[in-house]
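Comments concern the structure below.
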Amino acid sequence: MPRWSCEAGEISKVGDEVGAKTYIPAMINRMKLKYSRVAQHLLFWGAYFIFLFLISLLRSNEGRDVSFHLPFELMQVAVMVSVVYLNLKILIPRFFETRKFFLYGLLMIAAVLVNGGILVSLMRLFPDFSPPFILKHRPSYMFVLPMAFMQLSLVAVTSTLHFMRENLRLQQEALSVKELESRQLKAELDSLKAQVNPHFLFNSLNNIYSHSLLESPQTPDLILKLSGLLNYIIYECQDEQVRLEKEMEFITNYIALEKVRIDESVQVELKMDVPDTSIMIAPLLFVPLIENAFKHGANISSGQPFIHVELKQVDGELKFRCTNLRDNFEDDLKREGAVGGIGLENVRKRLDLIYPDKHRFEIKDDGKQFIVDLSISFGEATQ
């Protein structure tokens, strides 16, 4: 037999074993849950039968044998079981939960009256097993109304228990879905941040390497700045949100680190006007935008290059604008995410995940320059 056939067989065998290991425990759990519910129902009806039996003994003074009461109580329980499960399995799913309340009420009343009539008929067929305290002082048909009331009371109790259990189940499912979405969100955010960090480190190390080759006196200061930036990325950016002042400090140092790489003729301008720097914000949110601006706005062959970065707080919003000279930036837009492994698509995803319905992200192109505007409304971000 060819080797690849053996390997395929082994893979198939391993797959079957994994499938069995996951399927069997799930099947066992379902069986446990099923039998647990059956046991709960049996326990409930057993307790209800004992309750009826004791009430019958207390009200009877005929001195008859205890076994005399058993058939009648069993008939009562049978009638109650039929109306309760008719309600739980048919009437509630088909009528109550579909908001056909009037029809549900009519059918419920009809069911309890019919069941009461059936019990009275059984009492007439077997009068020897009918309790004297019921038949001695009134016609048997008068027992239909009390029996209907008992059925309705039990239906009300079991329906309440049913809805409480369903509500609890829905809450648990909602919590499970929310927890799953939260885990998925965190995984996506971690993945997106992981794309940012290597790209920034790669560019920064290239800058320092270039200065070290020139034996620039700025090299130690650049290394110190990079050390501070890496400390911010590795440790502080592990949190879902950071103080805005930390992000502003990072942006300032980042731009300072980039300026030493580009030509001195490139006009770089940074303006920040944020009175409240204690605002919590997602880390490294603006860096890809600034990074793209330096990539495409620092090309001196395109004319007089410039990069303008502005961050300000206006009327409950944090407004960020990054403007740079146009330089084949449109090609980059068509392959978003390809700028060193990250790009505008990265920013869009993070904004959608962290600030749904709380942000505006726009890119404008007038043929000469690109303007990226980002506004974030203050409020609790998604964790």
According to a simple spin-label model (label point 7 Å from Cα along Cα-to-Cβ), what is the distance in nm between Asp276 and Asp221? 3.5 nm
So for R0 = 45 Å, FRET eff. of Asn231-Gln304 from the Cβ-Cβ r, to 0.05, ends up at 0.80
Extending each Cα 7 Å along its Cβ direction at Phe101 and Asp366, get the distance between those two points in nm, one decimal. 6.1 nm
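Read-outs: derived from the displayed coordinates by stated rules, not from any lab. Keep in mind that what you see is a predicted model, and the values were worked out from it rather than measured. Cβ atoms come from the backbone with ideal geometry, glycine included; neighbour counts cover every protein chain shown.
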